[in-house]
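One structure is given below, encoded as structure tokens.
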Amino acid sequence: MEIINEANEKFKDKQADICEPLFELLRKVNALEKEIYERNEGLEIKKEELGIENEFTSEDKELWAEYKKRLGEILKPYCMENLYKNCGGSFGSPQKYGYIDGECKVNFIMKSAKKAVVETHYKSGIDKKHKFVFKNIDDKWLLCEVYYGFEDEDSWYSDSVR
């Protein structure tokens, strides 16, 4: 991982305060997503053996509820309520942030004492990017907005942590 610190000179020392907790959060989300995905695959095999592969069972419902609850617990210390209140909409393989421990470029941008931005740039079939916007609330950095985009576009699209 390459981190490029683009913060104003007086904020350059804040990089670790913001980036390290973000990377920790993304690793936790990846680990949960991987676990839930693998358990879901097991349920799908079981349903196929029973001939009910297109049905949504009580086990499916319980797994989704567990995922949503555990993901919310992971996100709560790092995020504003808008990001963890309705989380848990999807999981998959590879994990959404699987690139975080691989080859990716990170830009740390901070121009004021109340807001910081971390952009990640990575390849997953095509060149993609994520933008994480943090606000300083009561001396605590909280993730408040997440966006995704494609490197060949200047646009950002609203996203969720997961």
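Computed log10 I(q)/I(0) for the chain at 0.09, 0.12 Å⁻¹: -0.35, -0.58, from the Debye equation with unit scatterers placed on every C-alpha and solvent omitted. Between Phe150, Phe56, Phe134, the Gaussian network model of the chain with springs among Cα atoms under 10 angstrom shows the greatest mean-square fluctuation at Phe56. Here the sum of -39500 (n - 2.57) over DSSP H runs of 4 or more residues, divided by the residues of the chain, equals -12500 deg cm²/dmol at 222 nm, to the nearest 500.
With the alpha-carbon atoms of region 1-64 aligned to their principal axes, the span from lowest to highest coordinate is 62, 21, 14 Å, starting with the largest. The fraction of accessible area contributed by carbon and sulfur in the chain is 47 percent, rounded to a whole number (1.4 Å probe; ligands and nucleic acids excluded). Between the beta carbons of Lys85 and Asp13, assuming R0 = 35 Å, the FRET efficiency works out to 0.60 to the nearest 0.05. Computed on region 52-132, with alpha-carbon pairs under 8 angstrom and 6+ residues apart, the relative contact order is 16 percent. Strictly over 29 Å apart at the Cα level, which of Lys12/Lys131; Lys85/Lys135; Lys61/Lys123; Lys47/Lys96; Lys47/Lys123; Lys14/Lys105 would you flag in this model? Distance filter (> 29 Å) returns Lys61/Lys123; Lys47/Lys123.
Using a Gaussian network model of the chain in which every pair of alpha carbons under 10 angstrom is joined by a spring, one finds that among Gly42, Gly72, Gly92 the greatest mean-square fluctuation is at Gly42. On a per residue basis, the chain carries 58 Å² of accessible surface, using protein heavy atoms and a 1.4 Å probe.
What shape does region 98-160 have by the C-alpha gyration tensor, where a ≥ b ≥ c are the square roots of the eigenvalues, rounded means a/c under 1.5, and otherwise prolate means a/b greater than b/c and oblate the rest? It is prolate, given that a/c is not under 1.5 and a/b is the larger ratio. Using the Cβ atoms and a cut-off under 14 Å, what net charge is assigned to the surroundings of Asp127, where Lys and Arg are +1 and Asp and Glu are -1? Neighbour charge sum, excluding Asp127 itself: -2.
The values are calculated or read from the model by the stated rules, or taken from the named source; none is laboratory data. It should be emphasised that the depicted structure is a prediction, and the values quoted were computed from it without experimental measurement. Don't worry about glycine lacking a Cβ; one is built from the backbone with ideal geometry, like all the others, and counts go over all protein chains shown. Just so you know, the surface numbers come from the protein's heavy atoms only, side chains and all, with ligands and any DNA or RNA stripped out. Shrake-Rupley method; radii C 1.70, N 1.55, O 1.52, S 1.80 Å.
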